[in-house]
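Student: Encoded as structure tokens, here's the structure I'll be asking about.
The values are calculated or read from the model by the stated rules, or taken from the named source; none is laboratory data. Worth saying up front: this structure is predicted, and the values here are computed from it rather than measured. A quick note on method: Cβ atoms are made from the backbone with ideal geometry, for glycine too, and the neighbour counts reach across all protein chains shown. We work out accessible area using only protein heavy atoms, side chains counted, and drop any ligands, DNA or RNA first. Shrake-Rupley method; radii C 1.70, N 1.55, O 1.52, S 1.80 Å.
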Amino acid sequence: QVQLVESGGGLVQAGGSLRLSCAASGRTLSGYTMAWLRQAPGKEREFVAAIRWSAGITYYGDSVKGRFTISRDNAKNTVYLQMSSLKPEDTAVYYCAAGLKYGSDNRRDYDYWGQGTQVTVSS
């Protein structure tokens with residue numbers, strides 16, 4: 001079992017920045033891909049970014065490339081999502097997830113989920 005706890009969401013103006021954190025516990029993350037996905041009201045859950053824990057290889061959804069950066073801190077067992085140049089369309093609940101399929105952008109490939117953290121970008 002992997003437990004995931006997100007933090008760092010909030011209200012920010014368009015063009016601003018925010019950093020989300022996801023603290024993992026329960027087992028070693030070696031072999032896992034850690035990801036951020038988001039869900040806006042009335043929309044499907046959307047892939048944002050992922051990182052292969054051991055190799056550090058990163059993947060991004062098209063809508064956030066060049067604006068968001070995913071990273072991890074092995075010592076703290078924590079994944080981060082640095083979000084810059086935020087837009088109102090980035091408003092959503094952001095979820096941290098863990099799965100064993102390398103770099104997947106499919107939410108069905110993730111087995112463990114956090115509770116989500118709300119990000120609201122005002123125009």
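Student: Checking the conditions here, which among R27, R107, R67 is in contact (Cβ under 8 Å) with a residue 24 or more places away in the chain and either under 10 Å from the mean Cα position of the chain (by Cα) or over 14 Å from V2 (Cα atoms) (or both)?
Tutor: R107
Student: A further question on this structure: Mind listing whichever residues of region 93-112 are among the hydrophobic types (A, V, I, L, M, F, W, C) and either touching a helix residue (DSSP H, G or I) at 6+ places or on another chain (Cβ under 9 Å) or at positive phi (or both)?
Tutor: A97, L100
Student: Within region 7-24, count every residue that is surrounded by fewer than 22 Cβ atoms within 10 Å (Cβ to Cβ) and not in a loop (DSSP other than H, G, I, E, B).
Tutor: 9
Student: Sticking with this structure for a sec: Can you tell me which of R27, R108 is out of contact with any Gly (no Cβ under 7 Å at 6 or more places or on another chain), more than 28 Å from S123 (Cβ to Cβ), of a type in the set (D, E, K, R) and assigned to a loop (DSSP other than H, G, I, E, B)?
Tutor: Just a single option satisfies the conditions, and that option is R27.
Student: If only one of S17, S54, S7 is over 10 Å from the mean Cα position of the chain (by Cα), hydroxyl-bearing (S, T, Y) and farther than 20 Å from D111 by Cα, which one is it?
Tutor: S17
Student: Next question. Among the listed residues T91, T33, T78, T58, identify the single one that is in contact (Cβ under 8 Å) with a residue 12 or more places away in the chain and either touching a Pro at 6+ places or on another chain (Cβ under 9 Å) or within 21 Å of G15 (Cβ to Cβ) (or both).
Tutor: T91
Student: In region 32-48, which residues are open to solvent by 30 Å² or more (accessible area, probe 1.4 Å) and not basic (K, R)?
Tutor: Selection gives Q39, P41, G42, E44, E46.
Student: From S54, S63, grab the single residue that is open to solvent by 50 Å² or more (accessible area, probe 1.4 Å), touching an Asp or Glu at 6+ places or on another chain (Cβ under 8 Å) and not in a strand (DSSP E or B).
Tutor: S63 is the lone residue from the list that is open to solvent by 50 Å² or more (accessible area, probe 1.4 Å), touching an Asp or Glu at 6+ places or on another chain (Cβ under 8 Å) and not in a strand (DSSP E or B).
Student: Can you tell me which residue is surrounded by the most Cβ atoms within 10 Å (Cβ to Cβ) among those in region 113-123 that are in a strand (DSSP E or B) and touching a Cys at 6+ places or on another chain (Cβ under 9 Å)?
Tutor: T117
Student: For Y95, state whether it is under 12 Å from the mean Cα position of the chain (by Cα), open to solvent by 60 Å² or more (accessible area, probe 1.4 Å) and not basic (K, R).
Tutor: So Y95 does not fit the description; no.
Student: Looking at region 67-88 only, could you name the residues that are open to solvent by less than 50 Å² (accessible area, probe 1.4 Å) and of a type in the set (S, T, Y)?
Tutor: Result: S71, T78, Y80, S84.
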